[in-house]
Amino acid sequence: MNSDYMAPLLAAQVICVEAYSFKGKRGRIENIRFNNIQVTGPRMPESYFLGFDAEHGVKNIRVSDLYLNGRKIEEIAEANFLIREFAENIILE
């Protein structure tokens with residue numbers, strides 16, 4: 001394994017895998033709040049938000065009080081959020 005590897009901090013991705021999907025159907029990820037996340041390490045791990053299509057998206061995700069080594073992260077870029085198509089209203093506060 002690469003010594004620079006860091007597992008994702010947050011991951012919201014719409015997939016269709018029989019083990020996780022009801023009758024093989026895709027769902028949606030909506031209206032989730034993450035609060036008071038403290039990260040200690042050399043850098044902020046990536047977090048990703050990936051919808052599948054317009055009907056199976058990721059939306060209304062709020063991340064409040066995200067810290068790296070005791071310093072509050074204020075910007076999406078600093079938070080290392082990967083926000084792709086069909087993911088909307090991903091908010092850092």
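Listed values, structure above:
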{"read-out": "Residue in segment 7-23 that is of a type in the set (Lys, Arg) and open to solvent by less than 100 Å² (accessible area, probe 1.4 Å) present", "value": "no"}
{"read-out": "All positions within segment 38-90 that are of a type in the set (A, V, I, L, M, F, W, C) and touching a helix residue (DSSP H, G or I) at 6+ places or on another chain (Cβ under 9 Å)", "value": "Met44, Val63, Leu66, Leu68, Ile73, Ile83, Ile90"}
{"read-out": "Close pairs (7 angstrom Cβ cut-off, 6 or more residues apart or separate chains): of a type in the set (A, V, I, L, M) in segment 70-91, modelled with pLDDT of 95 or more and part of a loop (DSSP other than H, G, I, E, B) anywhere", "value": "Ile73/Met44; Ala79/Met44; Ala79/Ile73; Leu82/Glu46; Ala87/Gly51; Ala87/Gly57"}
{"read-out": "Subset of segment 60-90 that is open to solvent by 30 Å² or more (accessible area, probe 1.4 Å) and of a type in the set (Phe, Trp, Tyr) - its residue that is nearest to Arg43 (Cα to Cα)", "value": "Tyr67"}
{"read-out": "Matching entry among Gly51, Gly57, Gly27 (being modelled with pLDDT under 95 and surrounded by 11 or more Cβ atoms within 10 Å (Cβ to Cβ))", "value": "Gly27"}
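The values are calculated or read from the model by the stated rules, or taken from the named source; none is laboratory data. Just so it is clear, the structure is predicted and the values come from calculations on it, not from any experiment. Positions of Cβ are generated from backbone atoms using ideal geometry, with glycine treated the same way; all protein chains shown enter the neighbour counts. SASA here: full protein model, heavy atoms, side chains in, ligands and nucleic acids out. Shrake-Rupley method; radii C 1.70, N 1.55, O 1.52, S 1.80 Å.
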